[in-house]
Amino acid sequence: MDFKRIPILLGSFALLTSSTCFAADNLKEMFSQGSVNGELRSYYYDRDFDSTQKEREDYATGGLFGYKSAALKGVSFGVTFATVNDTGSSDGKAVYGLLPKDQNGNHDSVTRMQEMYVQGQWFNTTLKYGGQMINTPFMNGNDIRLLPKSYKGASVINKSIPNLELQGYFITGYMGWADDDYMQVSDSAAKTADENKPMLIGGAKYKLPVNVLDVSAEGWLYSMSDVMDMTYYKVTAAKQLGDFKLSLEPTYFTQKSKGDELAGNLDSDQIGVAAGASAYGISLNAYYAKTGDTNLLTPWGDSRVINQQVLASQFAKEEAIAAKIGYDFGQLGLKGLSAYVLYGVYNAPEINGKTTDANEMDYNIQYDFGKNFGGILDGFSVRARYAFIDNKDADDYTDTRIYLRYTFALAGK
């Protein structure tokens, strides 16, 4: 670990002594009545191949520690420190991706500024500028490693019209799971870009004001000059019928390159649906996805129809199906304990004599201590995941992931 980073770590923990509230009448109260939250994380990831391909392993500990000032005349400030540290990974094994690599390709650690922004809230509109974590279908935190992804730019969210939410983004910087600083957002998609190409995003979410059925719809447009345009549409419908809950979620999106095509030729789409039913603690889900003529480009997080522990519906001309069964053991008095099994099959045509055909079986169990014990254990959870991936024309492998999390927030005066 780089000991020059220790003052930053100490500073982030010092924030935990701050009292919290939500409004301020002057500059002193703006900062003294701010809010503090965070999450401590310790993760173990391992990928073991059947062949002689080198095993990957990361054991990492760290977390996120955030402070947000109270609002003064609608204006507030926020900062989040993040750190991921090697805690015993074997350098005889390859880096998995929770941790960065040092100059010799071995496991390393990083401490960084995850967010630093100024925010304004007026007339049901939130404006934010600076480093921030955002949540859109194809640009989000993609929180599947120890640290989520982060972005630099400007955002606006408006909720003036009942049941309608409008969002807009101008993104210039991107920071991946283990990066120590922002890069140009276009460099994360196209390494040949000689100048930064910002990502422009516009989106709308609408919830139908009806009681007979819970229905919402959303639509998004993404545009990056000389790289690509994307559109995304999803409808979510759910209905409670006594003890049973039914759901249906059709999705369709497109992705097309444009201009100089700095990320290569993109001419694809994906159509799919997810259907579910649940009752008495048991949940059943089924998924179908069909992808268009080229592979999907998704470096910033995504909302592909099927996302498993490792595999996802993403390859050219691929058809994929998946089925999931889960159980909430709270029905048996074990509050906070749940588990599921998810199986997916992916089929695509051969290209140059090879195919991406594969199947994956996932096992997941997790326990939220706070739901059963509360008190000091409120916010503490543990999760274990295991996947077996069977590839037709590539190495088979297993993927193991263990998560320990403790989430906290300090209440104010």
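FYI, it's all coordinate maths here, none of it is from the lab. Computed from a predicted structure; not experimentally measured. Glycine also receives a Cβ, built like all others from the backbone with ideal geometry; neighbour counts cover every protein chain displayed.
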*Efficiency by 1/(1 + (r/R0)^6): what FRET value for D187 and N26, r their Cβ-Cβ distance, R0 = 35 Å, to the nearest 0.05?*
0.25
*Tell me, what is the FRET efficiency for L200 and L334 to the nearest 0.05, using R0 = 51 angstrom and their Cβ-Cβ distance as r?*
0.60
*Among the GluC sites (Glu not before Pro) in the stretch 307-413, which ones are in a DSSP loop with at most 14 other Cβ atoms within 10 Å of the Cβ? Mind listing them?*
E350
*Provide the gained length on full extension for the span A217 to K256, in nm with one decimal, where the gain is 0.36 nm per separating residue minus the Cα-Cα distance.*
11.8 nm
*May I ask you to evaluate 6.51 cos²θ - 1.76 cosθ + 1.60, the Karplus curve with θ = phi - 60°, for each residue of the stretch 274-284 and list the ³J(HN,Hα) values in order in whole Hz, giving x for glycine and proline?*
10, 10, x, 8, 9, 5, 6, x, 9, 10, 10
*List the GluC sites (Glu not before Pro) within the stretch 129-220 that fall in a DSSP loop (any state other than H, G, I, E or B) and whose Cβ has at most 12 other Cβ atoms within 10 Å.*
E195
*Which pairs in the list K371/K392; K54/K197; K149/K324; K73/K258; K93/K197 are over 32 Å apart, alpha-carbon to alpha-carbon?*
K371/K392; K54/K197; K73/K258; K93/K197
*Proximal charge balance of G203 [Cβ under 10 Å; K/R count +1, D/E count -1]*: -1
*Which net charge results when you count Lys and Arg as +1 and Asp and Glu as -1 among the other residues whose beta-carbon is under 14 Å from that of F123?*
+2
*the stretch 27-411, dipole about Cα centre (Lys/Arg Cβ +1, Asp/Glu Cβ -1), debye to the nearest 20*: 1520
_Cβ-Cβ FRET estimate between A286 and D91, R0 fixed at 35 Å, reported to 0.05_ = 0.25
*For the chain, just say rounded, prolate or oblate: build the C-alpha gyration tensor, square-root its eigenvalues into a ≥ b ≥ c, call rounded for a/c under 1.5, and beyond that prolate if a/b exceeds b/c, oblate if not.*
rounded
*What net charge is computed for the residues neighbouring S278, neighbours being all others with C-beta under 10 Å from the C-beta of S278, Lys and Arg scored +1, Asp and Glu -1?*
-1
_Cβ-placed point charges (K, R +1; D, E -1), dipole of the stretch 139-269 about Cα centre in debye, nearest 20_ = 580
*Towards the positive end of the charge dipole of the chain, with charges on Cβ (+1 Lys, Arg; -1 Asp, Glu), say which of I271, T126, S381 has the farthest Cα.*
T126
_Need the list of aspartates and glutamates near K239 for cross-linking: C-alpha distance under 15 angstrom, and skip anything on the same chain fewer than eight residues off._
D214, E249
*For the chain, the longest site-free run once chymotrypsin sites (Phe, Trp or Tyr not before Pro) in DSSP loop states with at most 15 other Cβ atoms within 10 Å are removed*: 124-279
